């Protein structure tokens, strides 16, 4: 039509929905808030646990009296060996004695009341400043607690990592196999052997030492390596391996059947789920059912158990390491308890507390991110 304007196409700008971005932002905020609360809670737990450890390790301040008695004994012995000191008048000897006592008390911080020093210990422990050991020495003759712990850590990790990894994976896969063969002869045998795990590892260790070291004489009684240590690297490794056999066997023997029974029951519950029965009705192979329909849904619980197992490696076992004369953290803690060496005890506990808190925190974040069944703050259940 004349006079009519030709219709021009209207330029349209595609509308980008912000719902997805807003939802992602809300999720990040919820998880950040959840992580912050969890982190503060875990830090508070660590602080309380470390402070209680300090109070217990110092026996509420009674260890101070033991230290003062040791200072008096040391000062008395040192001055008594000085011939010039013996010839001094009584008042002069008393003055010198008191001065030396005061110097030692200031050096050890005993000039301050225990409640004040307990918070100083707490601050130092939380910052990993464990100070100097009271009695124990490292192999390099150092009293630095951090060096003492680091020297004892590799033997403990070697022993318990080997034993716990064998125990964990062996029990999980054996239990997974038994869950598909419920009531078989092997299944009944494992159930019958479960009560044998009531005895601790050191109990089995004593019998193993008697049989294989004292009677058969085919394995060493204890220690980590032969004395003197072999100069050749491969010979040294073989010596360590021979010394590992008995303690690893003791640890595994004390827990393997109970672990198998636990995981077997756990897998049996999931093996009766409807989707597993459906897969079995379809004729899928047992290996596929075990891996895809039983193992995969239970991975969160397995990962949690595995992570806590790794943390437990750091502490070792006091009695078992003592029985086998294994130079690890467990034996170090035993020696520190006997010598009232508070810095070493607090250092070992603080490291364990930090590792446990970090592990729990990371697991919480992983569950909040990956598992929709985990509710974080701000998310409402349907």
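The values are calculated or read from the model by the stated rules, or taken from the named source; none is laboratory data. Model, not experiment: these values are computed from the prediction. Cβ coordinates were reconstructed from backbone atoms using ideal geometry, including for glycine residues, and neighbour counts include every protein chain displayed.
Residue-by-condition table, conditions (1) under 39 Å from the mean Cα position of the chain (by Cα); (2) in contact (Cβ under 8 Å) with a residue 24 or more places away in the chain:
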{"residue": "84", "(1), (2)": "no, no"}
{"residue": "89", "(1), (2)": "no, no"}
{"residue": "92", "(1), (2)": "no, no"}
{"residue": "97", "(1), (2)": "no, no"}
{"residue": "105", "(1), (2)": "yes, yes"}
{"residue": "117", "(1), (2)": "yes, no"}
*Which of (1) modelled with pLDDT under 85; (2) buried (at least 20 other Cβ atoms within 10 Å of the Cβ) is the odd one out, the single condition residue 323 does not satisfy?*
(1)
*What is the number of the single condition among (1) without any contact (Cβ under 8 Å) to a residue 12 or more places away in the chain; (2) farther than 30 Å from residue 358 by Cα that residue 296 does not meet?*
(2)
*Has segment 235-244 got any residue that is at pLDDT 90 or above, more than 28 Å from the chain's Cα centre (by Cα) and farther than 25 Å from residue 188 by Cβ?*
yes
*Go through segment 165-224 and give me each residue that's surrounded by 13 or more Cβ atoms within 10 Å (Cβ to Cβ), within 30 Å of residue 287 (Cα to Cα) and under 24 Å from the mean Cα position of the chain (by Cα).*
165, 166, 167, 168, 170, 171, 172, 173, 197
*asked:* I need the helices (runs of 4 or more DSSP H) fully contained in segment 56-114, keeping only those with at least 2 residues that are surrounded by 13 or more Cβ atoms within 10 Å (Cβ to Cβ).
replied: 62-80, 90-108
*Could you grab me the full set of residues in segment 133-150 that are outside any helix (DSSP H, G or I) and surrounded by 12 or more Cβ atoms within 10 Å (Cβ to Cβ)?*
133, 134, 135, 136, 137, 138, 142, 143, 144
*Just a yes or no: is a residue in segment 127-140 free of Cβ contacts under 8 Å to residues at least 40 places away in the same chain, under 24 Å from the mean Cα position of the chain (by Cα) and closer than 15 Å to residue 336 by Cβ?*
yes
